[in-house]
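Q: The structure under discussion is supplied below as structure tokens; questions concerning it will follow.
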């Protein structure tokens, strides 16, 4: 039996990139009183990724997280974490997971230190000194060391959230599940949380839900968007931000454009050009099949006499743009 | 991360997973707070005062052992039951309502361990503060008051029966706490059972075998004396069935509580 933490962490690092998904769901559903709050969900979360789980309120994010932790039972389908079934092996799963609930509730009479000790004791029997050192480390991490021995009932919302983040990490989790980790934090607190998440990537997998899109864009490598209980978008963040139309260059031009337009259209690597007008300029959205050839050739082809290029860029989306399209338009951008 | 520090991982498995930690937490709630001495003060004060008044309240009167133990049985058997219901109605429903149960269950702790920690820690707290300590005080008072020492062994057996009766209310309240999300129905149902027993037994006499009442209160049938006073005065008890029934019911309540809590969604 594995009785130390060290081998587990070592294994975690060695096996990086060559392991089955940490989280896998197959047609996972949840129904409350006849209402399907989570429609068949198929997810795969790979090791050492930072997986952003997005969606408006009521989209099913927290329900999914609770299903993964075995806090609620699925109405259909299945889910596994570390290859273990979330219904029958939830305690074993939770022994390898750190979890921050959306609204963390602790025993109000306990201090922050006692709370972390209580949590640590679910994982570690000893040695006492190592546990206390780990608690100090966590208090330091979330900047609660000066308030470590005050009862939680005196804590503000932000301080509770920080304590929640600390208690989720006290066991060196292989998977960190954070439900709205930056909620109730000020901008500095938010930045710190994102830094912690980025730092943890080499040791652990981070699965977190949020509605702060900027945070997701900054740290996530994979994103899922849920809406009304259904998965609407899933993929690596670079692909999402690239959009659904393939690789597109936006070019603002003025002058004699007909000949250049014809030349561009005749290139085998150009799929099409959408032309528009804006403030007396012509805008071309040039779809290409090969970005390397396009980068090498496209700008050269625009250097004709009589053509003035005022803007040239590869089209990319902001996550917020994609999110709004998906949520408001019901449109799948992928 | 100080991942190079080697920790000894917990080795509890299955239904015991997290039990030691949860028990420590529940025991701390009893013994590292004001809870234990407040409960001691209440029950020593209340039971001691009432029994003491009966024993020493009338100058010149010579109280009998029967008077003393009859009163003790009623007071110790019924009054602390109210305390048990009040304490226990909050222990599970409170944790469910304030979200701490969901938080604890997100850790590697078995649900059975959660229920058992509540059962064990509260049982021992109640045994000590509501049964044994006030009982010892009353034993001393009766010894002085009637100028004869009742059998300590019989008193210990009586403590056991009083505790069994309180365990009935404790497990009943715990079980109801797994079914309801608010305190009202839990406290309402247990209090109704507690205070309507005499009436219920009057309507359906067979209930005297399944409710704790007949352990402490003489029933209308003059040949049927309450079990605890009979025991304390060395008289034969009319039936062991109520004792067996209470034990079985308490076990049943716990099994149902565990079953129901396993199905709870947080």
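The values are calculated or read from the model by the stated rules, or taken from the named source; none is laboratory data. If you're wondering where the values come from, they're calculated on a predicted model, not measured in any experiment. Cβ atoms come from the backbone with ideal geometry, glycine included; neighbour counts cover every protein chain shown.
Q: Evaluate the range A:249-261: report whether one residue or more is buried (at least 16 other Cβ atoms within 10 Å of the Cβ) and at pLDDT below 85.
A: Scanning the range A:249-261, I find at least one residue that is buried (at least 16 other Cβ atoms within 10 Å of the Cβ) and at pLDDT below 85, so the answer is yes.
Q: Exactly one of these conditions fails for residue A:123: (1) crowded, with 23+ Cβ neighbours inside 10 Å; (2) at the interface with chain B (Cβ under 8 Å from one of its Cβ atoms); (3) in contact with a helix residue (DSSP H, G or I) (Cβ under 7 Å, 6 or more places away or on another chain). Give me its number.
A: (3)
Q: Do any helices (runs of 4 or more DSSP H) entirely within the range B:40-159 hold 3 or more residues that are under 30 Å from residue B:259 (Cα atoms), and if so, which? Write out each step before concluding.
A: Values: elements: B:65-98, B:100-105, B:111-126, B:133-145.
Result: B:65-98, B:100-105, B:111-126.
Q: Give the residue, chosen from A:131, A:135, that is more than 29 Å from the chain's Cα centre (by Cα) and surrounded by 20 or more Cβ atoms within 10 Å (Cβ to Cβ). Spell out how you get there, then give the answer.
A: Working: A:135 fails: more than 29 Å from the chain's Cα centre (by Cα).
Answer to the selection: A:131.
Q: Ok, one more. Mind checking which residues of the range A:169-208 are under 18 Å from residue A:61 (Cα atoms) and either outside the structural domain of residue A:105 (by TED's automatic domain parsing) or not in a loop (DSSP other than H, G, I, E, B) (or both)?
A: Selection gives A:175, A:176, A:177, A:178, A:179, A:205, A:206, A:207, A:208.
Q: Return yes or no: is residue A:333 modelled with pLDDT under 85, in a loop (DSSP other than H, G, I, E, B) and crowded, with 17+ Cβ neighbours inside 10 Å?
A: Numbers: modelled with pLDDT under 85: yes; in a loop (DSSP other than H, G, I, E, B): yes; crowded, with 17+ Cβ neighbours inside 10 Å: yes.
So residue A:333 passes the test.
Q: For the range A:37-145, which helices (runs of 4 or more DSSP H) that fit wholly inside it have 3 or more residues that are over 23 Å from residue A:163 (Cβ atoms)? Steps first, please.
A: On the way: elements: A:61-69, A:90-94, A:112-120, A:128-141.
By residue number, A:61-69, A:90-94.
Q: Any chance you could count how many residues in the range A:266-304 are loosely packed, with under 12 Cβ neighbours inside 10 Å, in a loop (DSSP other than H, G, I, E, B) and touching a residue at least 24 places away in the same chain (Cβ under 8 Å)?
A: So the answer is 1.
Q: Condition first: buried (at least 21 other Cβ atoms within 10 Å of the Cβ) and facing chain B (nearest Cβ under 7 Å). Can you find one or more residues in the range A:104-116 that meet it?
A: yes
Q: Right, next: Would you confirm whether any residue within the range B:119-134 is away from chain A (no Cβ under 14 Å), on the phi > 0 side of the Ramachandran plot and either surrounded by fewer than 20 Cβ atoms within 10 Å (Cβ to Cβ) or out of contact with any helix residue (DSSP H, G or I) (no Cβ under 8 Å at 6 or more places or on another chain) (or both)?
A: No; the residues of the range B:119-134 include none that is away from chain A (no Cβ under 14 Å), on the phi > 0 side of the Ramachandran plot and either surrounded by fewer than 20 Cβ atoms within 10 Å (Cβ to Cβ) or out of contact with any helix residue (DSSP H, G or I) (no Cβ under 8 Å at 6 or more places or on another chain) (or both).
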